[in-house]
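Input: a single structure, listed below in structure tokens.
The values are calculated or read from the model by the stated rules, or taken from the named source; none is laboratory data. Keep in mind the model is a prediction, meaning the values are calculated, not measured. Cβ placement follows ideal geometry from the backbone for every residue including glycine, while neighbour counts extend to all protein chains displayed. What goes into the accessible areas is simple: the full protein's heavy atoms, side chains included, and nothing from ligands, DNA or RNA. Shrake-Rupley method; radii C 1.70, N 1.55, O 1.52, S 1.80 Å.
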Amino acid sequence: MPNPEVRVLDGGFSTQLATYVGDTIDGDPLWTARFLVTNPTAIISTHLDFLKAGADIILTNTYQVSIEGFSKYMNIPEAESLDLICKAVGYARKAINLYKKSIENEANVANRNPLIAGSVGPYGACLHDGSEYNGKYCSNLTEEILMDWHRPRVQKLIDSGVNILAIETIPCKQEAKALVKLLKEFPSSKAWISFSCCSDGKSIADGSNFQDVAMQCYREALPGQILAIGVNCIAPQNVTSLLKGINENCEELVPLVVYPNSGEKYTVENGWMRTEEGYSLHQFVSEWLDLGVRYIGGCCRTNSADVKKIRAEVEKWENA
């Protein structure tokens, strides 16, 4: 019997984008979102690179999009800021159309009908202080404030026709619960939730137990609304301990999502710095798939070459 279908995600958008815009991204308070205004062609090309590498799902370039950010750093009013979310979805769709046209006459293409996931980054991403990796801001914000902040972006992504919402890099239990509650306002939408986690193998960034919080979100959501729970932007060698056992006592498999970074650690002061040597994301792929991972890709400091390796490992596992 063949293994269940796995969806390959794209990789680190900023890393691949840098091949077109140079080393001008990290350190910018708008990060890759600035290029929605200044270089849409590079945005489309970046999406296209991941599709050519074998991605089944590409994420919109909206992780760090915020009304406050565009207002403060580019003097763009609220309505136009929200319209940039629509444009981001449009650029992803244009890349898919270009890709489909390029493979019309090709046989045996694994990702013939790619999907678009609308990236929903945490509140901390707009603060530009690395707090999506510690979640400290959550102690000062109510559930209602978090829902109100996320709602316009989620609404725009859904209105723009994304297939899935990629709620990602969530560092604290309070924000995760707020987002699950917000999703219920959009009952026909589907999403995955991935968390920003510690290297201790058990906790999300705010110290809460990962499996407890993730499963609570999965069970409290509307039936079928959460497609997967998991982790992103974590060193690949720290993933397995977080996921291990999550499916042992479940009657049905809980789908998991994983898209780690390259193993480097980010600080505002020093940027990305490698902390350990010798680990490659793709070497863990079959191990994660055996644990129930059904959505898999790369995050920061990974590129289209990494996605191609992931695709190869997934196909090897599916055909085993």
So, first residue within 18 Å of Gly298 (Cβ to Cβ) in region 187-200, second residue hydroxyl-bearing (Ser, Thr, Tyr) and buried (at least 18 other Cβ atoms within 10 Å of the Cβ), Cβ within less than 6 Å, six or more apart or across chains; the pairs are Ser196/Tyr133; Ser196/Thr169
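Only one of Leu165, Leu182 is aliphatic (A, V, I, L, M), outside any helix (DSSP H, G or I) and within 26 Å of Asn61 (Cβ to Cβ); which?
Result of the check over Leu165, Leu182: Leu165.
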Of the residues in region 216-233, those that are closer than 25 Å to Cys300 by Cα and without any contact (Cβ under 8 Å) to a residue 40 or more places away in the chain come to Ile229, Val231
(1) within 18 Å of Trp31 (Cα to Cα); (2) part of a helix (DSSP H, G or I); (3) among the polar types (S, T, N, Q) all hold for Asn97 apart from (1)
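May I ask you to list the residues in region 2-44 that are assigned to a helix (DSSP H, G or I), among the aliphatic types (A, V, I, L, M) and either open to solvent by 60 Å² or more (accessible area, probe 1.4 Å) or under 20 Å from Asn75 (Cα atoms) (or both)?
Result: Ala33, Leu36, Val37.
Conditions (1) open to solvent by 70 Å² or more (accessible area, probe 1.4 Å); (2) small (Gly, Ala, Ser); (3) more than 21 Å from the chain's Cα centre (by Cα), marked per residue:
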position	(1), (2), (3)
Asp56	no, no, no
Tyr73	yes, no, yes
Glu78	yes, no, yes
Lys87	yes, no, no
Ala95	no, yes, no
Leu98	yes, no, yes
Glu104	yes, no, yes
Val109	no, no, yes
Ile116	no, no, no
Q. Would it be correct to say that Leu146 is crowded, with 20+ Cβ neighbours inside 10 Å and either among the hydroxyl-bearing types (Ser, Thr, Tyr) or in contact (Cβ under 8 Å) with a residue 40 or more places away in the chain (or both)?
A. no
Checked pairs for region 282-306, first closer than 21 Å to Leu48 by Cβ and open to solvent by less than 20 Å² (accessible area, probe 1.4 Å), second in a loop (DSSP other than H, G, I, E, B) and acidic (Asp, Glu), C-beta under 8 Å and 6 or more apart or across chains, list as Gly297/Asp10; Gly298/Asp10
When region 128-141 is checked residue by residue, the ones that are within 18 Å of the chain's Cα centre (by Cα) and outside any loop (DSSP other than H, G, I, E, B) are Ser131, Glu132, Tyr133
Within region 45-79, the residues that are among the aromatic types (Phe, Trp, Tyr) and part of a helix (DSSP H, G or I) are Phe50, Phe70, Tyr73
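Quick grid of which residues meet (1) under 20 Å from the mean Cα position of the chain (by Cα); (2) modelled with pLDDT of 95 or more:
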site	(1), (2)
Gln225	yes, yes
Ile229	yes, yes
Asn249	no, no
Leu256	yes, yes
Ser262	yes, no
Tyr266	yes, no
Trp272	yes, no
Ser280	yes, no
Val293	yes, yes
